[in-house]
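The values are calculated or read from the model by the stated rules, or taken from the named source; none is laboratory data. Treat the numbers as computed from the prediction; the structure is a model and nothing was measured. In this analysis, Cβ positions are derived from the backbone assuming ideal geometry, glycine residues included, and neighbour counts consider all displayed protein chains.
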Amino acid sequence: MTNIIELLKKNGGISAWRVSETATKSYELFFVHRQLETVRATDTLDTMVTVYVDHDGCRGDSTFAVSAALTDAEAEEKIDAAVRRAGLVSNPPYALPEGGTLRAELPTNMQDEDPKALGRKIADAVFAADSVPGGSINACEIFLYRDTLHVRNSGGVDKTQVTHRVMIEAIPTFTDEKQSVELYEDYRFTVFDPGKITAEIARKMAEVRDRVIAEKPQTPLKTRVLLRPHEIRGMCEELSWALSYNAVYSHATPFHLGDDLQEGGDGDRLTLTMRGVVEGSEDSAFFDEDGTALTDTCVIDKGVVKNNHGSSRYGQYLNVERPSGIMNCLELNAGTVSEAELKSAPYLECVSLSGLQMDLFSDYIGGEIRLAYWFDGRETRPVTGITMSGKLSDVMKHLRLSRETVVDGAYQGPALLLMPEMTVL
């Protein structure tokens, strides 16, 4: 980084620059069934350079990767080429973040763990869930990472943050006399809790078993639909993107400050906050790719649009005095009813969708359901081969949220969300 910065300073065609360096150390375990087949350790360094060129009242930029194997002459050639490319880009002018030094570590309980010992503990927690008759974990891969992100720019920003994270990839499988079904599980965390790992894998083991016996229910149905955290997160991400500076600037959102998204409704009021840090989430950060310090921002308060959020560049385009920075974590407020109350009447609980589909302009929400649990008031059974659809504005007005909350990836919020009167075909 030091060497490339010196070369950037020597180039007279550059108006500003940014260098981002990510050092990643990993310890990786590869299992076939319960047998450890391969262990691998890696140590990588990725360096990305962005140059900015001011011309004709505009600002252009170009980004390129730098390898440690480059000679100074080769690096200078890359810089010159980037300067030429940036000169062809004409964006409205904007300033880079200025000043600010930081070296910090994101919340974790794994920083002092020996990777070999921690890897074994994680594997034990995974295989503790391998107890479903007819089921097995065909393959499991465990990746332990320590990422160090260092960002410097020509405005004096010099910030470093360290993240400890784990990713588990597992293939739960269930076989009966007719067929064999596999599911893919991708589980990520920054706080080690063996009980949560076992519970998550056990849930997937039950789901793959239920995929084998699931049948299509009698349709059409008009029923209440329950969403789990993964889909709730998808809904929140759609809403949050529509409230970003980028979306507002490009006129790609139907929402405006002051809009009541739940006007006339009788459901739980939504409060959605963009957060830099959610404990347990690998998406947590203290600053974004530009080096902008992240500021937690409530974008929806009790159903009403209160703020926008996003990058320093687009915040400047909207004349925001202090842009929030790009945040990937979000928190949705807890609801007013328990999970047991939400399940006290007939419902369809979505377990696996091809993807939650939302269209804010056509007022649509729906999706193809690969696995769900249908409770008809008497018994619960797994179902598949169906789709759901509804009017987004009606869902927003009458939705209910569970009091119980969870952390799922970048999402922190209710464990269940109820959508009333959805059409199932």
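A quick yes/no check of all residues on (1) farther than 29 Å from A104 by Cα; (2) free of Cβ contacts under 8 Å to residues at least 12 places away in the same chain; (3) in a helix (DSSP H, G or I):
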{"site": "C236", "(1), (2), (3)": "no, no, yes"}
{"site": "S240", "(1), (2), (3)": "no, no, yes"}
{"site": "V248", "(1), (2), (3)": "yes, no, yes"}
{"site": "A252", "(1), (2), (3)": "yes, yes, no"}
{"site": "L257", "(1), (2), (3)": "yes, no, no"}
{"site": "G264", "(1), (2), (3)": "yes, no, no"}
{"site": "D268", "(1), (2), (3)": "yes, no, no"}
{"site": "G280", "(1), (2), (3)": "no, no, no"}
{"site": "A285", "(1), (2), (3)": "no, no, no"}
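Exactly one residue among A104, A82, A73, A68 is assigned to a loop (DSSP other than H, G, I, E, B) and farther than 15 Å from H33 by Cα, and that residue is A68. When every residue of the stretch 380-398 is checked against the conditions, none turns out to be within 30 Å of V191 (Cβ to Cβ), in the same structural domain as D359 (by TED's automatic domain parsing) and either surrounded by fewer than 20 Cβ atoms within 10 Å (Cβ to Cβ) or basic (K, R) (or both).
Looking at G155, is it in contact with a strand residue (DSSP E or B) (Cβ under 8 Å, 6 or more places away or on another chain), in a loop (DSSP other than H, G, I, E, B), under 30 Å from I14 (Cβ atoms) and not assigned by TED's automatic domain parsing to the domain that holds S281? So G155 fits the description; yes.
Given the options V320, V305, name the one that is touching a residue at least 12 places away in the same chain (Cβ under 8 Å), among the β-branched types (V, I, T) and in contact with an Asp or Glu (Cβ under 9 Å, 6 or more places away or on another chain). Answer to the selection: V305.
Annotation: L88 fulfils all but one of (1) touching a residue at least 24 places away in the same chain (Cβ under 8 Å); (2) surrounded by 13 or more Cβ atoms within 10 Å (Cβ to Cβ); the unmet one is (2).
Just one of (1) assigned to a strand (DSSP E or B); (2) within 30 Å of L318 (Cβ to Cβ); (3) over 28 Å from the mean Cα position of the chain (by Cα) fails for T38. It is (2). Taking the stretch 353-379 as the range and being assigned to a strand (DSSP E or B) and touching a Lys or Arg at 6+ places or on another chain (Cβ under 9 Å) as the test, the residues that pass are L353, Y364, I365, R370, L371, Y373, W374, F375.
Condition (residue is under 30 Å from V320 (Cα atoms) and among the aliphatic types (A, V, I, L, M)) applied to the stretch 61-84: is it met by at least one residue? Looking through the stretch 61-84, at least one residue is under 30 Å from V320 (Cα atoms) and among the aliphatic types (A, V, I, L, M). Is the stretch 172-192 home to any residue that is aliphatic (A, V, I, L, M), more than 16 Å from G280 (Cβ to Cβ), touching a strand residue (DSSP E or B) at 6+ places or on another chain (Cβ under 9 Å) and surrounded by 21 or more Cβ atoms within 10 Å (Cβ to Cβ)? No: zero hits. All of D114, D158 fail the test of being within 30 Å of D61 (Cβ to Cβ) and modelled with pLDDT of 95 or more, apart from D158. Among the residues of the stretch 391-408, those identified as of a type outside the set (A, V, I, L, M, F, W, C), in contact (Cβ under 8 Å) with a residue 60 or more places away in the chain and assigned to a strand (DSSP E or B) are R400, S402, T405, D408.
Look through M48, M1 and report the one residue that is at pLDDT below 95 and either within 30 Å of the chain's Cα centre (by Cα) or closer than 17 Å to N153 by Cβ (or both).
On the way: M48 fails: at pLDDT below 95.
Going through M48, M1 in turn, the sole match is M1.
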